[in-house]
Amino acid sequence: MLHRHIQRGENRQTINLANMAFGIWLADELSRPDCKALEKTSKQWHLDLYPEFLEHRRSLIEVTLREVQRLKILPTNSFNHLLEEFMSSVVRSQRVESLHADYDELIKNYRALKKSLDFGAPVENTKLWHYKKELGRISEMDLPAIARLFGIINKYCNLNELFRSDRNVIVEDQKLIDLLGGKFILDDENEKYNHSFFEVSMAGRFSKVFSQSAEIDLSTECDVVISSQGLAIECKYLHSEKKFRSEFSDGASQLNKRIQAGQAKTGIIAVDISNLVDRQRIFEFSQDLFSLFVKNYELLVESRCSLSHGIAADGILNSILSDQNFIGLIKTYIGHELEMVFQRNLKKSERDKLSDAIVGVFYQANLDLCFEYKESIHPVPLRSACYFVNMELEDSAYDRTRKLFRSMAVGI
């Protein structure tokens, strides 16, 4: 598109711009494994320089686009379309596009809620809108920042479950509005709103598990109540391991009181340990594992085996992220990290607080991964979960509880 419009220009600046655009295109073409335009020696010379070129490629394209805008080579609408094409090439996948659509739907839902309540600042004045604006400058961010941004976007998108007309979730409107409070920051794990957010996110999890006739209530003194199941859930969002014992004990005590008062028959303690897991170690593990898979996939492409054409068509990045071996290794390692954090804090004194009516503990962590391969970036936000079933339960109750927890777990 750019090349066609540049061809119409005749001044020296436009010609230089055309050369710049052609250089970008040529570098991309020469990097393709199936390129036959040059002799192997010439191509190898280019590949040796290509990693250094990639470091400057994004800024080079941005300079090109700014020149296009300054010289008015394109009409405004065409330029905006070109800019959108460039931005989408930085982060583009079916999952990412789905997140964009879900986030737009969430903004639409909140706009309708605020209109119905007829009070408060518009959505454009909330951090929800700030995060949307950040999506427009991801080309300026490093991988961890992109991962955090999409992690927050993914976390908020889960709230759409609460706005669905076919979900019987009772939640006060003010509670939903309060979730938009707090600072506009990417590292928001210690913001106060996370406590309420964890409660409504757990309600969303249960709404997917139980039938539409099961009413999930967040308006009682208990965090989450599912009356038709006789089930009460106490949610604890932890800021540090030092708080584990006291928060766990408090959750068990609250559940026992609800059960003794006849408000529920059984209870579950739900714990968010996002702040307790070593997020950096998980991120580094994912990057190291991805690098190993990249080397193997590049070998597959170069070998011209039966898989080469499919990998080349889908792209190495998408092929790896669809590889069940890669997904399995990531999920297994993250599950291991979550279990280690939980088990080292679950002392005998905490296990003894689980009465027969408290069937188990469901714990989760919101994590943010991101993978990059030759200018293609794919954020992978995920909400990983594990569980602990009360070992004192009878076999039938133990199996039912384990089945429930397994149906709730969501991974990569």
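Read the figures in this text as sums done on the coordinates, not as results from a lab. This structure is a prediction, so every number in the text was calculated from the model and none was measured. A quick note on method: Cβ atoms are made from the backbone with ideal geometry, for glycine too, and the neighbour counts reach across all protein chains shown.
Here are some notes:
- Taking other C-beta atoms within 10 angstrom as a stand-in for reagent exposure, Thr401, Thr220 fall in the order Thr220, Thr401, fewest first.
- Here the calculated FRET efficiency for Glu392 and Tyr193, from their Cβ-Cβ distance with R0 = 22 Å, stands at 0.05, rounded to the nearest 0.05.
- Order of Asp288, Asp278 under a 10 Å beta carbon neighbour criterion, fewest first: Asp288, Asp278
- The lysines within cross-link reach of Lys348, meaning a Cα-to-Cα straight distance under 25 Å and a gap of 8 or more places when in the same chain, are Lys236, Lys242, Lys243, Lys257, Lys265, Lys403.
- FRET efficiency, 1/(1 + (r/R0)^6) with R0 35 Å, evaluated for Ala101 and Asp356 via beta carbons: 0.20
- Which of Met340, Met202, Met141 has the fewest Cβ neighbours within 10 Å, and the rest in rising order: Met340, Met141, Met202
- With 0.36 nm allotted per residue and the present C-alpha distance subtracted, the Ser249-Thr220 stretch has 8.4 nm of extension available.
- Extended-chain gain in nm, criterion 0.36 nm per residue less alpha-carbon gap, Arg164 and Lys265: 33.6 nm
- A straight Cα-to-Cα reach below 19 Å connects Lys183 with the lysines Lys127, Lys132, Lys133, Lys155, Lys175, Lys192, residues fewer than 8 places away in its own chain not being considered.
- Per-pair calculated FRET efficiency, R0 = 41 Å: Ser308 and Ile185 via Cβ, rounded to 0.05: 0.40
- With K and R counted +1 and D and E -1, the other residues having a Cβ less than 11 Å from that of Glu234 yield a net charge of -2.
- Cross-link partners of Lys295 among lysines (Cα-Cα below 22 Å; sequence separation of 8 or more within a chain): Lys36, Lys40, Lys43, Lys331, Lys374
- Remark: the Ser139-Lys403 segment gains 90.8 nm on full extension, using 0.36 nm per residue and subtracting the alpha carbon distance.
- Computed label-point distance, nm, for sites Lys374 and His239 using a 7 Å Cα→Cβ extension: 4.7 nm
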